[in-house]
Amino acid sequence: MSLLTIKDLSYQVDQQQILKNINLTVEENAWLTITGPSGGGKSTLLKIIASLLTPTSGSITYQNKDQEAYEKTTYRKEVSYCFQNPTLFGETVYDNLLFPFTIRDLPYDALKVKKALQLVALTEGFLNKKITEISGGERQRVALLRNLLFLPKILLLDEVTVDLDSENKQIVHELLGKIHESGVTLIQITHDVEELANATHMVTIQEGGVLNESISGQ
């Protein structure tokens with residue numbers, strides 16, 4: 001079943017055409033891998049899907065409803081964007097993992113957070129760590145958990161493993177596999193050779209347009 005449909009989508013800044021006439025359908029529980037040369041418009045497309053940018057023309061339909069019809073906060077809870085270089089806020093890891101509860105007006109669930117930390121090989125004591133004292137790999141794992149404490153329908157991943165060492169990359173790969181198995185649809189930008197080799201549905205974007213699509217067996 002179609003979860004997200006992009007129709008005749010274009011994006012232009014001044015005289016620069018960044019995306020042109022993108023047409024794409026994302027099925028429910030898909031794992032879509034987007035690749036292509038740098039500067040081709042991949043990240044811009046993901047930000048438009050995330051409702052962080054507004055297209056110049058065209059439309060996005062999510063769950064049979066126009067993206068523009070959703071209240072932005074409601075939409076972003078269901079279509080969640082993970083940055084390549086995540087920004088953590090507050091002073092501690094706890095501040096960041098408290099945030100998903102706060103925006104939903106829910107009490108903090110210590111057991112839920114403890115189990116989530118275990119998924120990315122972190123202990124409960126890690127909550128007291130200052131964000132200025134953690135490594136890049138740990139930062140990315142915390143940012144992912146912040147997006148995943150309440151599972152979205154769609155998780156958008158903008159080269160989230162690009163700066164990670166092999167150990168951290170493996171932890172993230174395992175987490176994403178579990179998230180996908182639980183029913184979350186993943187849309188991932190990557191240049192990573194291993195991730196490209198494991199892709200089951202791949203779209204190449206070049207010079208602002210869809211160059212080709214390929215699907216391999218599950």
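Relative contact order (percent) for the range 2-215, with alpha-carbon contacts under 8 angstrom and 6 or more residues of separation? Across the range 2-215, relative contact order equals 31 percent. Straight-line reach from K115: taking Cα to Cα under 19 Å and skipping same-chain neighbours fewer than 8 places apart, the aspartates and glutamates in range are D95, E124, E138, E174, E181. Apply 1/(1 + (r/R0)^6) to the Cβ-Cβ distance of A69 and V13, taking R0 = 25 Å, and write down the FRET efficiency to the nearest 0.05. Once the sixth-power term is evaluated, E becomes 0.50. Using all pairs of distinct alpha-carbon atoms, the Kirkwood hydrodynamic radius of the chain works out to 18.1 angstrom.
FRET efficiency for the pair K178 and E91, taken as 1/(1 + (r/R0)^6) with r the Cβ-Cβ distance and R0 = 25 Å, rounds to 0.30. Where only DSSP H runs of four or more residues are counted, the chain gives -9000 deg cm²/dmol as its mean residue ellipticity at 222 nm, each run worth -39500 (n - 2.57).
One quarter of the surface of the convex hull around the alpha-carbon atoms of the range 60-148 equals 6.7 nm², the direction-averaged projected area.
The charge dipole of the chain, taken about its Cα centre with unit charges on the Cβ atoms of Lys, Arg (+1), Asp and Glu (-1) only, comes to about 480 debye. Neighbour counts of other Cβ atoms within 10 Å put F126, F89 in the fewest-to-most order F89, F126. Here r is the Cβ-Cβ distance between T5 and L52 and R0 is 22 Å; the resulting FRET efficiency, rounded to 0.05, is 0.70. Think of each Lys and Arg Cβ as +1 and each Asp and Glu Cβ as -1; about the Cα centre, that makes the dipole of the range 75-157 roughly 220 debye. Taking other C-beta atoms within 10 Å as the exposure proxy, R141, R104 rank R104, R141 from fewest upward. Annotation: extensible slack from K115 through N21 equals 29.6 nm (criterion: 0.36 nm per residue apart, minus Cα-Cα distance).
For the peptides 31-42, 47-58, residues were scored by their other Cβ atoms within 10 Å and the scores averaged per peptide; the highest-first order is 31-42, 47-58.
Distances between placed amide hydrogens fall under 5 Å for C82 paired with L156, L157, D158, all partners being 5 or more residues away or on another chain. Exceedance of the 27 Å cut-off in Cα-Cα distance is limited, within the set K42/K77; K47/K178; K47/K153; K65/K114; K47/K129, to K65/K114; K47/K129. Given the options N64, N168, N85, which has the most mean-square fluctuation in a GNM of the chain, springs set between C-alpha atoms less than 10 angstrom apart? With Cα springs under 10 Å in the chain, the top fluctuation among N64, N168, N85 is at N64.
All of the numbers you see were taken from the coordinates with simple rules; none came from a lab. Just so we're clear, the structure is a prediction, and the values are computed from it rather than from any experiment. Ideal geometry is used to build each Cβ from the backbone, glycine not excepted, and the neighbour counts take in all protein chains shown.
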